[in-house]
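Below is one structure, written out as structure tokens, with a few remarks after it.
The values are calculated or read from the model by the stated rules, or taken from the named source; none is laboratory data. Given the structure is predicted, the values throughout are model-derived calculations rather than measurements. With ideal geometry, Cβ positions are generated from the backbone for all residues, glycine too; neighbour counts draw on all protein chains shown.
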Amino acid sequence: TILLPDEVKDLKLRDIISLWITQILQTYGDKPSSDNAPIVEGEIDDLVGGPIFLALYPYFRKYGGVFKLAFGPKVFMVLSDPVVVKEVLKEKPFSFDKGVLAEILEPIMGQGLIPAPYKVWKERRRALVPGFHKAWLDHMVGLFGHCNKELLKNLEVQAKSGAVVDMEERFCSVSLDIIGLAVFNYDFGSVTKESPIISAVYNCLQEAAHRSTFYVPYWDLPLADVLVPRQRKFKQNMTVINDTLNGLIKQAQQMSYTEDLEELQKRDYSKVKDPSLLRFLVDVRGADVTDSQLRDDLMTMLIAGHETTAAVLTWALFCLTQKPELVKKVVQEIDDVMGTDDLNRPPTYEEIEKMELSRFCVAEALRLYPEPPILIRRCLEDVPLPRGAGDRDITLIKGMDVFISVWNLHRSPECWENPDEYDPERFKKPFKNPGVKDWAGYNPDLLTGLYPNEIASDYAFIPFGAGARKCIGDQFATLEATISLVMTLRKFTFNLQKDPNEIGMEMGATIHTAGGLPCTLKLREV
Ligand code: HEM
């Protein structure tokens with residue numbers, strides 16, 4: 001349990017400007033660094049030559065788990081050390097806000113949970129978390145199976161025709177269908193068809209990605225949404241999405257049943273016509289929520305829960321296509337648990353519980369390709385770090401922009417053996433590097449759920465973040481991804497149609513492939 005403060009600190013514009021000037025003087029002048037962090041001057045090629053998370057890795061290897069990176073007038077602190085990351089995410093979550101990320105996402109997600117200021121976040125987190133209760137998650141397992149059956153049907157046609165299929169695109173479609181039904185009982189049907197709302201959603205996701213990598217927020221300038229074609233299109237697409245979401249909210253409110261939270265959590269979902277999260281939020285008795293807040297919640301979950309899951313599946317399959325021996329083992333596990341009678345049958349929750357290797361395949365993909373690869377924060381008050389580079393005592397100064405590089409943390413040779421190797425079985429045994437001071441290592445005995453997490457790894461593995469701002473959809477997403485992976489591997493064998501070294505990475509809100517994941521498929525013979 002996390003104790004929530006009544007209020008948290010606030011940053012004024014003058015705090016940010018004053019810190020900015022100080023940092024420039026300290027970086028380029030002869031003033032000593034007030035936070036005591038090593039300063040690295042970044043190469044401009046790092047900003048334009050490829051994804052920023054890749055560029056940060058060599059600096060991490062050279063300067064350690066805490067360093068300050070300056071690109072021209074921009075200065076930010078990069079953290080890649082499990083002990084430091086634990087301090088920031090778990091021990092001091094309310095000494096930070098989402099900084100630049102909130103500025104970028106606010107026009108799309110409004111006051112949704114990811115960018116929301118503390119006061120709104122506290123209320124909405126309290127309202128949303130109970131929606132992800134056990135009975136609902138159990139019901140979701142059925143929904144995952146149902147949507148993936150549609151995907152199997154579609155892939156079967158492609159397998160028989162020998163076509164090359166972009167599996168990244170297919171995983172995006174199935175996860176969009178799932179999140180639409182789960183969150184607001186809306187059937188995008190994107191596995192089988194195109195529609196204006198689907199392309200509007202994709203366009204807005206692309207715009208979120210564009211904004212997250214663009215350095216000047218030109219979209220905030222007056223008339224940008226009229227004069228800049230890209231922004232004009234974005235505005236039109238937001239109108240399409242907002243109209244749809246507002247329509248769904250109205251519809252849900254017209255059939256409101258208002259029940260107590262406890263009763264709602266005991267609902268027999270097999271008898272419920274609309275099992276969506278929206279329905280739950282509208283039905284909770286005493287829920288004091290405005291239509292615009294509901295819209296923001298729905299939009300946030302649509303974006304947070306769609307591309308992320310698709311990316312995990314894409315990278316898991318990418319890694320598996322290069323490990324035929326591992327695939328054999330995984331498929332054997334699936335056959336042992338599920339039998340081979342009906343290859344279209346979705347697994348039950350109890351079956352997933354028995355498929356450890358399949359689950360660890362998902363976790364290992366999340367380790368190698370964390371979504372998002374960087375968590376963004378801004379410091380609301382001075383935070384002394386438990387340790388810095390070498391013997392330095394470092395303090396994060398109020399106003400400082402902070403990047404937590406999950407990519408570096410997950411691929412740190414200090415914590416992981418063969419860090420770049422896809423090896424799901426690593427999660428079966430404990431490991432520890434006694435050279436990393438104060439880090440307890442990984443211990444599978446500490447697992448509380450079905451998947452490796454930050455607790456068992458002492459914050460070296462944080463695919464869903466950690467602490468108060470941890471993902472609320474972690475169980476939903478891991479189960480969803482495991483069911484998709486199990487169902488596709490059970491029915492087909494996949495052949496990657498490109499040299500793996502040519503499947504590049506592009507950074508949006510998540511890590512995408514540079515040009516899709518082209519595969520041919522064969523129906524498995526059993
Ligand atoms: C937050 C990852 C799926 C909803 C986060 C964070 C991460 C993350 C790393 C923390 C961000 C930070 O600290 O800055 C993922 C991954 C997913 C996934 C890798 C899939 C594999 C989902 C799903 C939903 C969801 C399915 C909802 C249905 C959210 C929300 C937050 C969040 C609302 C904000 C929580 C808060 O600030 O209180 N996610 N997520 N995510 N995620 Fe997820």
Residue list for the range 484-515, filter: closer than 26 Å to SER405 by Cβ, of a type in the set (A, V, I, L, M) and either without any contact (Cβ under 8 Å) to a residue 12 or more places away in the chain or away from the ligand (no atom under 12 Å from the Cβ) (or both): ILE503, MET505, MET507, ALA514
Counted residues, the range 13-34 - those being among the charged types (D, E, K, R) and touching a Gly at 6+ places or on another chain (Cβ under 9 Å): 1
Going through TYR202, TYR186 one at a time, which residue ends up being surrounded by 12 or more Cβ atoms within 10 Å (Cβ to Cβ) and not in a helix (DSSP H, G or I)? TYR186
The one condition in (1) of a type outside the set (Ser, Thr, Tyr); (2) modelled with pLDDT under 95; (3) farther than 20 Å from TYR118 by Cα; (4) in contact with a helix residue (DSSP H, G or I) (Cβ under 9 Å, 6 or more places away or on another chain) that ASP382 fails to fulfil: (3)
Which strands (runs of 3 or more DSSP E) does the range 24-107 wholly contain that include 3 or more residues that are in contact (Cβ under 8 Å) with a residue 12 or more places away in the chain and crowded, with 20+ Cβ neighbours inside 10 Å? 66-71, 74-79
Selection count, the range 492-526, where residues are farther than 17 Å from LYS160 by Cα and of a type outside the set (A, V, I, L, M): 13
If you go through the range 439-449 one residue at a time, do you hit one that is surrounded by 16 or more Cβ atoms within 10 Å (Cβ to Cβ), within 22 Å of LEU151 (Cα to Cα) and touching a Pro at 6+ places or on another chain (Cβ under 8 Å)? no
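Residue-wise test of (1) assigned to a helix (DSSP H, G or I); (2) more than 10 Å from the ligand (Cβ to nearest atom); (3) of a type in the set (S, T, N, Q).
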residue: ALA127; (1), (2), (3): yes, yes, no
residue: PRO130; (1), (2), (3): yes, yes, no
residue: MET140; (1), (2), (3): yes, no, no
residue: PHE144; (1), (2), (3): yes, yes, no
residue: LEU151; (1), (2), (3): yes, yes, no
residue: LYS160; (1), (2), (3): yes, yes, no
residue: ALA163; (1), (2), (3): no, yes, no
Kindly evaluate ILE404 against the criterion of being at pLDDT 95 or above, among the β-branched types (Val, Ile, Thr), outside any loop (DSSP other than H, G, I, E, B) and under 23 Å from ALA477 (Cα atoms). yes
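Go through VAL327, VAL289, VAL337 for me and flag whichever is within 16 Å of the ligand (Cβ to nearest atom) and over 18 Å from HIS512 (Cβ atoms).
When all the criteria are applied, what remains is VAL289.
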Restricting to the range 498-526, name every residue that is polar (S, T, N, Q), surrounded by 14 or more Cβ atoms within 10 Å (Cβ to Cβ) and closer than 29 Å to PRO372 by Cβ. THR510, THR513
Would you mention how many residues in the range 466-502 are acidic (Asp, Glu) and within 18 Å of the chain's Cα centre (by Cα)? 2
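Just need a number here: residues in the range 341-394 that are hydroxyl-bearing (Ser, Thr, Tyr) and either in contact with a Pro (Cβ under 8 Å, 6 or more places away or on another chain) or within 11 Å of the ligand (Cβ to nearest atom) (or both).
Here is the first cut: in the range 341-394, the residues hydroxyl-bearing (Ser, Thr, Tyr) are 348-349, 358, 369.
After this cut, where a residue has to be either in contact with a Pro (Cβ under 8 Å, 6 or more places away or on another chain) or within 11 Å of the ligand (Cβ to nearest atom) (or both) as well, the list is 369.
Residues that pass the stated criteria total 1.
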For ARG524, only one of the following conditions fails: (1) under 30 Å from ALA440 (Cβ atoms); (2) in contact (Cβ under 8 Å) with a residue 60 or more places away in the chain. What is its number? (1)
If you check GLU350, GLU371, GLU421, GLU425, which single one turns out to be surrounded by 19 or more Cβ atoms within 10 Å (Cβ to Cβ) and outside any strand (DSSP E or B)? GLU371
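Given the residues PRO424, PRO419, which is the only one that is closer than 18 Å to LEU368 by Cα, touching a Cys at 6+ places or on another chain (Cβ under 7 Å) and modelled with pLDDT of 95 or more? Give the steps one after another, and end with the answer.
On the way: PRO419 fails: touching a Cys at 6+ places or on another chain (Cβ under 7 Å).
Checking each option against the conditions leaves just PRO424.
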Restricting the search to the range 1-23, which residues are in contact (Cβ under 8 Å) with a residue 60 or more places away in the chain and assigned to a loop (DSSP other than H, G, I, E, B)? ILE2, LEU4, PRO5, GLU7, VAL8, LYS9, ASP10, LEU11
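Of these, TYR442, TYR422, TYR459, which one is of a type in the set (Ser, Thr, Tyr) and within 16 Å of the ligand (Cβ to nearest atom)?
Details: TYR442 fails: within 16 Å of the ligand (Cβ to nearest atom); TYR422 fails: within 16 Å of the ligand (Cβ to nearest atom).
Step by step, each of TYR442, TYR422, TYR459 is checked, and only TYR459 is of a type in the set (Ser, Thr, Tyr) and within 16 Å of the ligand (Cβ to nearest atom).
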Among the residues of the range 401-419 satisfying the criterion of being among the hydrophobic types (A, V, I, L, M, F, W, C) and within 16 Å of the ligand (Cβ to nearest atom), which is farthest from VAL88 (Cα to Cα)? TRP407
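Got a sec? Which of ALA468, ALA481 is more than 22 Å from SER80 (Cβ to Cβ), within 16 Å of the ligand (Cβ to nearest atom) and in contact with a helix residue (DSSP H, G or I) (Cβ under 9 Å, 6 or more places away or on another chain)? Lay out the reasoning, then the answer.
Working: ALA468 fails: more than 22 Å from SER80 (Cβ to Cβ).
Residue meeting the stated conditions: ALA481.
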Which members of the range 345-362 meet the condition of being in contact with a helix residue (DSSP H, G or I) (Cβ under 6 Å, 6 or more places away or on another chain), of a type outside the set (Ser, Thr, Tyr) and in contact (Cβ under 8 Å) with a residue 60 or more places away in the chain? PRO346, PRO347, ILE352, MET355, LEU357, ARG359, PHE360, CYS361, VAL362
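Farther than 24 Å from TYR369 by Cβ and modelled with pLDDT under 90, is that true of GLY50? Don't jump to the end; show me each part of the working.
Numbers: farther than 24 Å from TYR369 by Cβ: no; modelled with pLDDT under 90: yes.
No.
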For the list (1) assigned to a helix (DSSP H, G or I); (2) out of contact with any Leu (no Cβ under 6 Å at 6 or more places or on another chain); (3) within 16 Å of the ligand (Cβ to nearest atom), I need the number of the one condition that GLY112 fails. (1)
